Every structure is written in C-alpha cells, then in structure tokens.
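Report on one structure; see the data block that follows.
The numbers here are math on the coordinates, done by the rules we state, and not lab data. Predicted model, so just to flag it, every value in this text is computed and none were measured. Reconstructed Cβ throughout: ideal geometry from the backbone, glycine too, with neighbour counts over all protein chains shown.
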Amino acid sequence: MIFHTPFEINMKEDLRFSSFIKKENKKLLDGEYKEQGEFWKKELENISAPEFIKEFSQMDRDRKNLIGSEVQISIPENLVEKMEERAKELEVSEFMFQTAIYMAGIMKCTGSRNFAISSPFTYRPEKKDEEAIGCYIYNTPLFCKKKDSDSFKSLVNEVKNDTFRGYMNIGYPNNFMIREQAIHSLSEKTIFDYTFIYDVHEEHGCQDIIGKKDWDFCVYPGEITVIYEKIGKNAFLRIQYRKESFSQHYMKNFGKRLVGIMEQVCEFPDIFIKDMDIFLPGEREHLWEWERERAPFFH
C-alpha cells in the first residue's frame, strides 16, 4: 500500500545522521573496526537473550499488528532519593544502579542466567531527530553472568565494569553486529530485543510528559524496552513491549516487581539475589491456596 502525502518531503544532503552512517560504513569496509569486532564476537559467545515466556502463541502474534504499547509505573519521590543516595554510596552512576535493578528483575522473573541486554550509553538528546536516532546506533551489550548466590552489590559492580569496557570498544555499532550474524530472522531472539534506557529531562518544559498513560506506540523496536524516566524530582518506569507477545497486565506486574526490587536494594544493598522477593500483595497466599487445592491429586 502506498500512502501519498499532501506535500513533498525534502531531505537535506548535509544531514548529520546520514553523513554519520556513510562514515561508519566506510570505516567498517576499511577494516577500522576489526579489533572491536573481535572483542564483541568473543564477548557474545554463549550469551543469549533473557528467557521471557511469551503469553501468546505464534499464530496469535501473526494475526496482530506490530505496533507496540506502553505502560507506566510511578516511582515514589522518597524512593528516587534513596536510590540516588545508594548509587553514590556504591560509587556508581544512577544509570549503572538502575541497570543492575533491571537485570536482577530479569533473573528473578525469568530464571535467565548468563544473558545480555542492550543499552545506549547516552540518553536521547532533545535536539534534532537525526541526533536522537544516532544515539541508538551505539546500543551496546551489557552482560549479566551472576548466580542466585551473588549479592546485588556484586551485580552493580559487574554492570560498572561492563560499562567501562563497553566505552573502550564502543566503535562497533550494533547494526553492523547484527548484519554479521549468520542466521537472523524475525522469529529469532537477540539481545537487542531487550533494552534498558536511562532517560533524563530537565523539569522545565516537560510537564506535558508527566501523567501520560499507556501510549499506544513504541519508540524503540524490540520485545521489551524498560525506560527509567526522570523529570526533575519525578520518576517513573516506561515499559514498552510488543502487544503480540505480552499482555498489558503482565507488563504492569513486571513493572511493579521492579519497583519492589528497588525498595529492597535501597534497604539492603548487600541482599543476595536469591533472597529478593518479587511477589505482589496477595500472590503468595494465592499460590499456597492453589498448591493446597491441587495437592490431593498428587498424593
């Protein structure tokens, strides 16, 4: 289907994003990214995407469109302040602290181990569109190789080390990495389907963002993108997801579980991952009741 616009869109030849991509392609062809390419190839050995269980069958997903959806979870102001304090105490940035929380949430909710997610190293600048797009070219893997017996503090340190190592080898864009994969299809999971973004805005001029709920689009392609949005003293999680894979209820609960982990690691930064509680109010009692009712059938 072809859509006709009532006006002609004129593209400038000197767009910074367009020229940036041309330069990157030339560097790749000239072999300037060979060293970084070898680094990421080695890092990604035996690493997979998180094992989120899809709620809908492939047939159901095929029937739906590929428009994403979004849920938002508000974060109490006092909790935001506590997380800022904890990050300073652990001598890491808020981005690193929040990324570790997201990884801990994935471990607890999916049972995944030895996985990677992706993240841009800069939040999206509120300038020109081409510059905003440019940030996502360098979506770099962050790795989680922890066990249940490890502490949250050790996970934070792992994120910190991976971030620094990523910076040193950032000159190998993820679009080139995907291009080099021997097998790549729409049905194959990649680490770039699961993203964490730390997004900061100045409070002035952003009041219209606060309070919006369930936006019916995704700004980033993938299965799940968790955005920690911070506007002045206000903060909330924006969880963008594919509607053909997950329900709104599932994603809202995932967001609530992440907030629960935030509260626990602020109170006990040395908490072991195995000791984190991801049950929502009433869930544990419901599970016990379900187990009690089914028990006679197995004895």
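Among the listed pairs 108/160; 108/256; 153/274; 145/230; 82/233; 26/189, those whose Cα-Cα separation exceeds 24 Å are 145/230; 26/189. Using the Cβ-Cβ distance between residue 44 and residue 79 with R0 set to 35 Å, the FRET efficiency from 1/(1 + (r/R0)^6) comes to roughly 0.55. Each of 24, 81 has some number of other Cβ atoms within 10 Å of its Cβ, and from fewest to most they run 81, 24.
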